[in-house]
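A.B. asks: Can you keep this structure in mind? I'll have questions shortly.
We did not get these values from a lab; they are worked out from the coordinates using the rules stated. For clarity, every value in this text was computed on a predicted model and none was experimentally measured. For neighbour counting, all protein chains shown are included, and Cβ atoms are generated from backbone atoms with ideal geometry for every residue, glycine included.
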Amino acid sequence: MSGSGYRTGVSTGLRPDDISVSADERVQYNTIDSRPGSCSIRERVDRRGFLSRASFGVAAALAPALPRAASSAALDTQTTSKRDLVIAQAYDLTSLDPHASTLSSDWRIAFNVFDTLIRRHPDGTLHPALASAWKRTTPTTWQLALRADVRWHDGTRFTSVDAKYSLDRTYDATVKGARLLGAWWTQAIDRTEAPDPATLIIHTRWPDLLMPARLASCAGAVVPWAYMDRVGFKVFNERPVGSGPLRFVSRSKGDQCVLDANLDYWDGRVDVDRVVIKSVSDHQRRADLLLRGGADLIVPLAPEHGPRVASDPSTQVAGVLYAGLYVLAVNVWVAPLNDPLIRQALSLAIDRETIVKELWRGRGVVPSGPIPRGDDLHDPSLRALPYDPGAARERLRRAGYRGEAIHFETTAGMIANDRLMAEAIAEMWEDVGVKVVLDVIDIETRHRKNRQQAFARSTADGRARALAYRRMTAIFLEQNPWIVVLQPVEDYGLRRYVDFAPNPDQQLELRRFNFRMRRG
């Protein structure tokens, strides 16, 4: 099994030589790899998985409220004289190319160094970015009008040549510096055109009403063709040039990445002069750093540290229901996991309520299927996934399970409670008679294994799509190509002078409409 995140569609499973746990495009995972039968925890199937979401703004109030410091006007009006923003995140940067990584730690940086063609605000609404307007001119054609006032960080002008190249490199392996995205994207695109400097035309293989939403994700990130062509991918990844509100300055592997404000940003300069993003893998150290004033924003804020951050007069918690799921992606190609009865048993043996209550301190919900709450195709009539160890044992008996080992891969510290969750699930499986071997792997290995497939959405008919999703959900719950665990609330820790709204998509939006530091 493997964990996946940030794709459009449903994972079709992993082959024996391609066992992965995704920490994704702004995502993270654990893996269950059964050799010969394998599973991996894909800790996130996020927005790249379900880009149809009309609105992500499902309030974190779904979870129990955290304790709050004594409220007063003074707490809500705390100010600072700082001109730099220090962010502490859980793991180190692996790539600066916006198309080369699905890790949330990478995308938080790339999202601010580069611009996307279309922008999604934390409330789920789409807004112009590098594309000032877009329209569907035929059932399979989208036309985008591009801004003429945008310059790259090296001073050169952005044109449709850059936009066309940026899309082409994500689906066409013959393009220089190609960095292919998943099937959710590569299967949909037929070709692109740049008829003039201010126009981009996208031809799709089928009617795709989700194209604007996709262009607000990593698929819509734009890189400079001339710079890439001159320096090559390796140098580009070491010294990236973007058009976003922050410019790359330096990176110290295993320590920090430094970004400076783009003073000439077309959408207005950000509210700080410098952003320093530190790698702090230990959840307690990260929280301590925030409480001491050594960081202004931390992500993620582990559930066990939320109460003390919320109750401290100098800090606060901002939470949002994640626009995806933590799942276990199963290798359905080999025994014993090629038997749907085995996979049903593994799902029935998981006490999700306990995981949410004990490990996430109530900061999450038990899903009802493969469509996360907040997606416009989520079916509210479905009940939460059941916990029934008796039924799990019966499925194992009917499948003729003989105690074959299932290898479960997990990272430790990639996300909050990844190893603890894996250990808890392994114990639940052992309670119904499954032999589990828990393997802890490093984040680099997890990232290397982070590959997945997806179903394509090929209808523009909203009613037909809804019916197809109901059928897909029914098939999913019978076959369990991955095993859904939970939909967590993602918490950020902030100093009280920081105004910031978290994005359900894990985009760290520092543009001035979403971030500021209150100053005296």
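A.B. asks: Of the peptides 119-130, 383-394, how do they stack up when ordered by the mean number of other Cβ atoms within 10 Å, highest first?
C.D. replies: 119-130, 383-394
A.B. asks: Could you tally the net charge around PRO245, taking each other residue with its Cβ under 11 Å from the Cβ of PRO245, Lys/Arg +1 and Asp/Glu -1?
C.D. replies: My count for the surroundings of PRO245 gives -2.
A.B. asks: Would you mind counting up the charge near ALA384? Only other residues with Cβ under 11 Å from its Cβ, with Lys and Arg at +1 and Asp and Glu at -1.
C.D. replies: +2
A.B. asks: Mind checking which lysines have their C-alpha under 19 Å from LYS357, skipping anything on the same chain fewer than 8 residues away?
C.D. replies: Once the sequence-local lysines are set aside, nothing remains near LYS357.
A.B. asks: Report, as a whole number in µm² per second, the diffusion coefficient that Stokes-Einstein gives for the range 263-305 at 37 °C and 0.692 mPa s using the Kirkwood radius over alpha carbon pairs.
C.D. replies: 270 µm²/s
A.B. asks: Continuing with this model, one more query. Please work out how much length the chain gains when fully extended from ASP190 to VAL161, using 0.36 nm per residue of separation minus the C-alpha to C-alpha distance, in nm with one decimal.
C.D. replies: 8.7 nm
A.B. asks: For the range 256-302 and the range 401-442, what is the centre-to-centre distance using only Cα atoms, to the nearest Å?
C.D. replies: 33 Å
A.B. asks: Compare the peptides 472-479, 77-84 by average per-residue count of other Cβ atoms within 10 angstrom and give them in order, highest first.
C.D. replies: 472-479, 77-84
A.B. asks: Compute the length gained on full extension between LEU126 and ALA468: take 0.36 nm times their separation in residues and subtract their Cα-Cα distance, giving the result in nm to one decimal.
C.D. replies: Fully extending the segment from LEU126 to ALA468 adds 120.6 nm.
A.B. asks: How do 210-219, 499-508 rank on mean C-beta neighbours within 10 Å, highest first?
C.D. replies: Highest mean packing first, the order is 210-219, 499-508.
A.B. asks: Using 7 Å Cα-to-Cβ label points, what is the ARG519/LYS176 separation (nm, one decimal)?
C.D. replies: 4.2 nm
A.B. asks: If I take R0 = 56 Å and measure r between the Cβ atoms of ILE475 and ARG239 in this structure, what FRET efficiency does the formula 1/(1 + (r/R0)^6) give, to the nearest 0.05?
C.D. replies: E(calc), rounded to 0.05, equals 0.75.
A.B. asks: I've got another one for you. Shape verdict for the range 118-229, please, from the Cα gyration tensor: rounded (a/c under 1.5), prolate (a/b greater than b/c) or oblate.
C.D. replies: Rounded shape, in that the Cα axes give a/c under 1.5.
A.B. asks: Under a cut-off of 26 Å between alpha-carbon atoms, report the lysines in cross-link reach of LYS135, not counting same-chain residues fewer than 8 places apart.
C.D. replies: Output for LYS135: LYS164.
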